[in-house]
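Some notes on the structure that comes next.
The values are calculated or read from the model by the stated rules, or taken from the named source; none is laboratory data. Here the structure is a predicted model, which is why all the values come from computation and not from measurement. Every residue, glycine as well, gets a Cβ built from its backbone with ideal geometry; the counts of neighbours run over all protein chains shown. Ligands, DNA and RNA are stripped out before the accessible areas are found, and what is left, the full protein with its side chains, is counted by its heavy atoms. Shrake-Rupley method; radii C 1.70, N 1.55, O 1.52, S 1.80 Å.
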There are 2 protein chains.
Amino acid sequence: MENIDTAIAAAIENYHELNAAVVDELVEEPSPLEFMQFVSRNRPFVVRKAASDWDALKHWDAQYLRRVMGSEPVQVAVTPRGNADAVVEDENGQPLFVQPHETPEPFNEFLDYVHQDTQCPPEQQNGRNVKYAQTRTSISPPSPIHLFDDLPENDNLREEYYSLLPDIPESIPFARLALEKEPDAINLWIGNERSVTALHKDNYENIYVQIRGQKHFVLLSPVEMPCVNEQLLEQARYVPEQESGKLVIERSEGGETLPFATWDPDEPGERTTPFSHLAKPLKATLEEGDMLYLPAMWYHKVSQTAGEEGFACAVNAWYDMEFAGGFWTANSFLRDVMGAASKVVKYPALQMSDER
Amino acid sequence: MENIDTAIAAAIENYHELNAAVVDELVEEPSPLEFMQFVSRNRPFVVRKAASDWDALKHWDAQYLRRVMGSEPVQVAVTPRGNADAVVEDENGQPLFVQPHETPEPFNEFLDYVHQDTQCPPEQQNGRNVKYAQTRTSISPPSPIHLFDDLPENDNLREEYYSLLPDIPESIPFARLALEKEPDAINLWIGNERSVTALHKDNYENIYVQIRGQKHFVLLSPVEMPCVNEQLLEQARYVPEQESGKLVIERSEGGETLPFATWDPDEPGERTTPFSHLAKPLKATLEEGDMLYLPAMWYHKVSQTAGEEGFACAVNAWYDMEFAGGFWTANSFLRDVMGAASKVVKYPALQMSDER
C-alpha cells in the first residue's frame, strides 16, 4: 500500500499548496454571494466586530443575565477537568469517549459557580468540578441518510434560554439568503477557561459569535482527516457516585462505539498517524463581537478565556450542510481509503497497526 | 487492494445516491448567487431559450455569416471521420491521441463545404473529409501550477471571428459576478453531424450556448473518473500526404503522451474498467437559444445535428476554475488512488492489468 500512502500524503500537501495557511479576515459581513463563495471553497473566515450592534453584546453582563434568567433551570455539563465530550483513558489505559454528567441547575447558581471558579487560584482548583452550559456536540454519523433523523438534540437558545433570544438578531441574513434555510439550531455557550472542547467535526455550516471573553479555535480542514487518528471509541459518561457525589466514568450498557479524533494538535507528537506531521492547523481567536464562519466538516478544538465578568459566552447557529454535489462523497472516500490502508495507531501507545 | 476497490465503487455509488440522475432545467438565467450555488455543488444545468434575444440567434443564417465573414481566413480542423482530438488505433492496434489537421481556409469556402457535406447522402460520405471550425480542446494538465501558463491557445471569437463578436453579449452577468472574472476564452464552433467530440474534461467552468442546430451532450461527473479508463496515450496528428492529400496519422517526434479517456459511454461494454458499469451518464440536448452550464472537470462527449441552414453553430465561454478549497485536491486524490490501484485496462482488448 506504499502508493496509497503516497496518495494520501499528496492530497494533504496539495491542499496546503493551494490554500492559505491563515484564516481570512473580513472587515464587514459578506454579501450572500461572497458567503457562498466561501462555502463553495469550504474555507473559514473571521469578521471582526460583526456583532457590535447586537443587543447581546451591549447588555449581557452578569447582572443582566441574572435578572433575565433568574433561577430558571438550565442544563449544565459537569466534568472533573473541563473535558466534556472528550477522550479519557480508563484504569487500563483504554481510551473511551466520555460525555459529561448533565444536570439541570438554576441559572443564577450556575453562573455564581462559574464566576467563583474563574476567581479560584489554580492550586485550589484540584478536585473542583468544571461546569459548562453547552449544547451537546453533534458527532458526524457515518451517513447523511442517518443524519436527517438526527438533528441536534439541543437548540438551547430557542428553548431554555428563550428569554435571551430577543437580544440576538432574528436571523443572519447573508447566511439565510445564501443557504436558503434557517438554522437547525441556535446555541448558547457559557463557561470559563477550565472548559476545553476536544477536536471534533460537525455536519453543519457554523456561524459562531463571541459575546463575552475570548474563544480560541484550532482548525483543521476535512482533507486533514488522515492526520487526526480517528478511532472507534467505546462510549461512556461521567456519573456522580451516590455517597460522595464524585464523578466516575460509567460505560454505556450496550458497548456502543463512535469514531472520534484521538490526535491533539496541542500535543502533536502524541498518538500520531504517519500523516499527523503534515497537518497545518489554522488558529483564530475571537474577541467580543467577532464572528467566525466554521465550514462544515472542519475539525475544531476550542478553548476560551473568561472576560471581565468572570465568564466566557458565545452564540452559534448550525445550518444543515449540503450533501449533494461531490463534497460529502469526497470526504467519505478519503475516510474509506484511510480505513482500507489501516493507517490506525493504537491509543495511547505509538504502535502502528499497519495491516495490509 | 480489495478494500481500495470497494472504496472507489462506494464513492461512485454514494455520489449517485446523493445527486439527481438528470440535468436541472431552469426557466430563466440564474442570479449570481443561484449560479454560485450550482458552482459550489459542481452540478450542471440547462436554461431553455436563455439566448433568445441575442443578436447571434436572430441573425446567424448562412447568408449573414457569409456577408460578415466573407473570405476571411479561419482555422479549420480536418479529419477523415469527424474525429478531432480522439483516440485512434494505429495499424498495430495501439491507441493514439490524434489531433486534427489544422489549416486556414477562407470562411465562405469552409461554410460551403460544411453545407455540401450536410446535403451529401451518407453512402457518398465515405472518403470525404470532415471539417470543423473549433477551438482546440484544452486537455487537463496534471497540475494547476502548470495550467496557469497554459491558457487555451485559441480564443477564436475574439480573434479570427472578431467581426461576429458584436452579436454576442459583452459578458454573461451572472457568471462574471459570481466568478468575479471575465472568461479566459470565448469560442465559436461550426460543423455538422459528422463531427463528434470524444469524451474529455476541461479545467474550466463552461457556459455553452447553442445558436444553430442542436448539440447532444453526454456528461459524467468528476467522481466517475474511475469509469472512463484514462490512459497515457502517445500523441499524433493527421497530416495530408504530399501527392494525394489523403490524411494519414503522424506520431509526435518526441513521443509525448497525454492522459485521455478511452471508455466511450456510447459503447459501454468496450474498453471498460471494473467501475465502468457504475457510470450513470447524464444527457442533455441543446436546442437553438438554450444554454448549458458545464461545470469544471465534468467529462463530456458532444455530438451535433445541423439546423435548417445546413450547419450547427455554438458559442461558449471558459472561465478559469477555482483551485483553492478542496475540489481540485479531491479529484487529484481520486486519480492517484485509481492509479495506485492500477485499475487500468489495456486498450483495445478487455485484458485487465491488475498489478497489486
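Just a few scattered comments:
- Inside segment A:290-330, residues that are among the polar types (S, T, N, Q) and within 14 Å of chain B (Cβ to nearest Cβ) make up a count of 1.
- Where B:GLN63 falls short, out of the listed (1) away from chain A (no Cβ under 14 Å); (2) assigned to a loop (DSSP other than H, G, I, E, B): (2)
- Number of positions in segment B:274-315 that are assigned to a loop (DSSP other than H, G, I, E, B) and touching a helix residue (DSSP H, G or I) at 6+ places or on another chain (Cβ under 6 Å): 9
- Taken over segment A:39-50, the criterion of being more than 19 Å from the chain's Cα centre (by Cα), within 14 Å of chain B (Cβ to nearest Cβ) and either open to solvent by less than 40 Å² (accessible area, probe 1.4 Å) or of a type outside the set (Lys, Arg) (or both) is satisfied by A:SER40 alone.
- Filtering segment B:29-37 for residues that are away from chain A (no Cβ under 14 Å), surrounded by fewer than 19 Cβ atoms within 10 Å (Cβ to Cβ) and of a type outside the set (Gly, Ala, Ser) leaves a non-empty set.
- From the list B:ASN192, B:ASN203, the lone residue that is within 14 Å of another protein chain (Cβ to nearest Cβ) and among the polar types (S, T, N, Q) is B:ASN203.
- Being under 30 Å from B:PHE35 (Cα atoms) and in contact with an Asp or Glu (Cβ under 7 Å, 6 or more places away or on another chain) is a condition met by at least one residue of segment A:50-72.
- Residue count for segment B:253-267, restricted to those that are small (Gly, Ala, Ser) and farther than 15 Å from B:GLU89 by Cα: 2
- Extreme residue, farthest from the chain's Cα centre (by Cα), among residues of segment A:7-22 that are more than 7 Å from every other protein chain (Cβ to nearest Cβ) and outside any helix (DSSP H, G or I): A:ALA20
- If you go through segment A:1-15 and keep only what is touching a Lys or Arg at 6+ places or on another chain (Cβ under 8 Å) and surrounded by fewer than 22 Cβ atoms within 10 Å (Cβ to Cβ), you end up with A:MET1, A:ASP5.
- For segment A:83-101, filtering for residues that are at pLDDT below 90 and under 20 Å from A:SER244 (Cβ atoms) leaves 3.
- For segment A:331-342, the count of residues that are more than 9 Å from chain B (Cβ to nearest Cβ), more than 26 Å from B:ASN19 (Cβ to Cβ) and open to solvent by less than 10 Å² (accessible area, probe 1.4 Å) is zero.
- Checking A:VAL74 against (1) assigned to a strand (DSSP E or B); (2) within 14 Å of chain B (Cβ to nearest Cβ), the condition it does not meet: (2)
- The strands (runs of 3 or more DSSP E) falling completely within segment B:171-241 that include 1 or more residues that are in contact with a Pro (Cβ under 6 Å, 6 or more places away or on another chain) map to B:185-191, B:214-220, B:230-240.
- Single residue of segment B:51-83 satisfying the filter (within 16 Å of B:GLU160 (Cα to Cα) and basic (Lys, Arg)) that is most open to solvent (accessible area, probe 1.4 Å): B:ARG67
- Matching residues in segment A:256-273 - criterion: being open to solvent by less than 30 Å² (accessible area, probe 1.4 Å) and part of a loop (DSSP other than H, G, I, E, B): A:THR262, A:TRP263, A:PRO265, A:THR273
- Enumeration of residues in segment A:27-44 that are without any contact (Cβ under 8 Å) to a residue 24 or more places away in the chain and in contact with a strand residue (DSSP E or B) (Cβ under 9 Å, 6 or more places away or on another chain): A:VAL27, A:GLU28
- Taking the criterion of being hydroxyl-bearing (Ser, Thr, Tyr) and within 14 Å of chain B (Cβ to nearest Cβ), the only residue of segment A:217-252 that qualifies is A:SER221.
- Contact map, segment B:46-72: residues that are closer than 13 Å to B:CYS313 by Cβ and free of Cβ contacts under 8 Å to residues at least 40 places away in the same chain paired with residues that are polar (S, T, N, Q) and buried (at least 16 other Cβ atoms within 10 Å of the Cβ), Cβ distance under 7 Å, separation 6+ or inter-chain. No pairs are found.
- Scanning segment B:202-232 for residues that are open to solvent by 10 Å² or more (accessible area, probe 1.4 Å), within 16 Å of the chain's Cα centre (by Cα) and modelled with pLDDT under 95 gives a single hit, B:GLU230.
- Check on B:ASN108, under 30 Å from B:GLU193 (Cβ atoms), more than 14 Å from every other protein chain (Cβ to nearest Cβ) and part of a helix (DSSP H, G or I): yes
- Filtering B:VAL239, B:VAL302, B:VAL248, B:VAL315 for residues that are open to solvent by 20 Å² or more (accessible area, probe 1.4 Å) and in contact with a Phe, Trp or Tyr (Cβ under 8 Å, 6 or more places away or on another chain) leaves a single hit, B:VAL248.
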